[in-house]
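Colleague: Quick one: structure below, then a few questions.
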Amino acid sequence: DWTMGAYRDEAIRKIREQVGDAKVICGLSGGVDSSVAAVLIHEAIGDQLTCVFVDHGLLRQGEAEEVVTMFRDHYNMPLIHADEQELFLGALDGQSDPETKRKIIGKLFIDVFQKHAGEVGGAEFLAQGTLYPDVIESVSFSGGPSVTIKSHHNVGGLPEKMGLKLVEPLRELFKDEVRELGRELGLPPSFIGRHPFPGPGLAIRCPGEITREKLEILRKADAVYIDQIRKHGLYDDIWQAFVAILPVRTVGVMGDGRTYDYACALRAVTSVDGMTADYYPFSHEFLGETATRIINEVTGINRVTYDITSKPPGTIEWE
Ligand code: XMP
């Protein structure tokens, strides 16, 4: 009889066997996969593991604090909090092309990760939360023409560059199994149920040029939107929900005055694996109430739209 408890024990045994008494570094994104990998490896080898959390300034409201508090204080893991906001936002300044933005973030991420990982003297292994679908996806186009829609930001090539061997304890699992393993390891249910969040973060939800002002507005609007979704009990029915701030300002009227502020788009989709998706059929009441709250609570936004594009032909993110 196969259970996640047995899988966990076996995974811990294998990690110990592979790593011995060597040091391991793990990039922590705050997402479910890297978090489950880190907690599992920490159970196996304790303080031989150090996690590196890169804050690129493109995280959601309160996200960096949440991740650091949970892993450093709650799990007592050695954790390097790399605050590199200035570096990333500086490099992105004035850039509006989606692929250029992704490439800048991807390259800096590797540089920064490498720099901070170097602070952990003598690490021999790099841990990654690679899942089974990631393993298949990377070979599924072999032999045929491959089309890159978006250059996904990942740390491919990094292990060789750093001369590190890989530890990938989730390689045999699907997403729902990773969540089950996370529950087995005692991660909070609210954390395990979190919607996926992309590596390039808010950069791809801020089409066009990224400014600190836009990021601040986006964080506030997104927090109100997610609060609405939770209050209406819809969070777990939705694969992913977020706000995108649009690179356009429009005229509005508030009280006696004219406003000239940003427009935003709400996005919410259902999906099984992120490869295809349908827009979520919110009620008009929900949409109206949410628009009112965002405009009243977030200075800088005076117009709210709802994105009703499915994937394909749209993508889930805006860039
Ligand atoms: P798209 O926008 O391509 O997104 O329909 C599909 C899923 O992938 C996520 N996504 C990313 N995740 N790095 C990531 O780690 C990326 O560069 C990236 N781009 C998109 C997106 O949030 C959705 O879940």
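Colleague: Rounded to the nearest 5, what is the percent of antiparallel bridges among the DSSP beta bridges in the chain?
Modeller: In the chain, approximately 40 percent of DSSP beta bridges are antiparallel ones.
Colleague: While we're here: When E84, E124 are ordered from fewest to most other Cβ atoms inside 10 Å of their Cβ, what list results?
Modeller: The order, fewest Cβ neighbours first, is E124, E84.
Colleague: Could you list which residues have their amide H under 5 Å from that of D261, counting only those 5 or more apart in sequence or on another chain, with H placed in the peptide plane?
Modeller: Placed amide hydrogens put T250, G252, N302 under 5 Å from D261.
Colleague: Can you tally the net charge around V251? Count Lys and Arg as +1, Asp and Glu as -1, for every other residue whose Cβ sits under 13 Å from the Cβ of V251.
Modeller: Every neighbour counted, the sum reads +2.
Colleague: Run the dipole for the chain about the Cα centre, Lys and Arg Cβ at +1, Asp and Glu Cβ at -1, nothing else charged, and hand back the magnitude in debye, nearest 20.
Modeller: Using only the charged Cβ atoms, the result is roughly 560 debye.
Colleague: Of all DSSP beta bridges in region 211-306, what percent run antiparallel (nearest 5)?
Modeller: The answer is about 75 percent antiparallel.
Colleague: What whole-number volume per residue, in cubic angstrom, does the convex hull of the C-alpha atoms of region 4-192 give?
Modeller: 132
Colleague: What are the ³J(HN,Hα) couplings of region 89-106, residue after residue, when phi is run through the Karplus curve with 6.51, -1.76, 1.60 and θ = phi - 60°? Round to Hz, x for glycine and proline.
Modeller: Ordered by residue, 3J(HN,Hα) equals 5, x, 5, 8, 3, x, 8, 10, 7, x, 5, 4, 4, 4, 5, 4, 5, x Hz.
Colleague: Next up: Using unit Cβ charges (K, R positive; D, E negative) and no other charged atoms, how large, in debye to the nearest 20, is the dipole of region 4-192 about its Cα centre?
Modeller: So the dipole magnitude of region 4-192 works out to roughly 360 debye.
Colleague: Taking Cα atoms, how many degrees apart are the long axis of helix 4-19 and the longest axis of the chain, rounded to 10 and kept between 0 and 90?
Modeller: So the helix axis and the longest Cα principal axis differ by about 60 degrees.
Colleague: What does the helix-only formula give at 222 nm for the chain: each DSSP H stretch with n ≥ 4 adding -39500 (n - 2.57), the total divided by the residues, and the result rounded to the nearest 500 deg cm²/dmol?
Modeller: -11500 deg cm²/dmol
Colleague: Another question, then. Mind checking the angle between helix 32-45 and the chain's longest principal axis? C-alpha axes, 0 to 90 degrees, to the nearest 10.
Modeller: Approximately 30 degrees, to the nearest 10.
Colleague: What number, in percent, do you get for the relative contact order of the chain if the mean sequence gap of Cα pairs under 8 Å and at least 6 apart is divided by its residue count?
Modeller: Once divided by the residue count of the chain, the mean separation gives 17 percent.
Colleague: Using a Förster distance of 51 angstrom, determine the FRET efficiency expected from the C-beta separation of Y306 and D21, and round it to 0.05.
Modeller: 0.40
Colleague: Less than 22 Å apart at the alpha-carbon level, and either on another chain or at least 8 residues along: which lysines does that give for K161?
Modeller: K23, K103, K107, K115
Colleague: What are the chymotrypsin sites (Phe, Trp or Tyr not before Pro) within region 217-281 that DSSP puts in a loop, where the Cβ has at most 11 other Cβ atoms within 10 Å?
Modeller: Sites meeting the loop and neighbour criteria: none at all.
Colleague: With N residues in region 37-140, what two-decimal value do you get for its Cα radius of gyration over 2.2 N^0.38 Å?
Modeller: 1.21
Colleague: Points 7 angstrom from Cα along the Cβ direction at E213 and I136: gap in nanometres?
Modeller: Going from the E213 label point to the I136 one covers 4.7 nm.
Colleague: Now for a separate question. Take the Cβ-Cβ distance between E160 and Q61 as r, set R0 to 45 Å, and report the resulting FRET efficiency rounded to the nearest 0.05.
Modeller: My answer for the efficiency is 0.80.
Colleague: Can you tell me which lysines have their Cα less than 27 Å from the Cα of K231? Leave out same-chain residues fewer than eight positions away.
Modeller: K175, K214, K220, K311
Rule-based calculations on the coordinates, nothing more; no lab input. Remember, predicted model here, so these are calculated numbers, not experimental data. With ideal geometry, Cβ positions are generated from the backbone for all residues, glycine too; neighbour counts draw on all protein chains shown.
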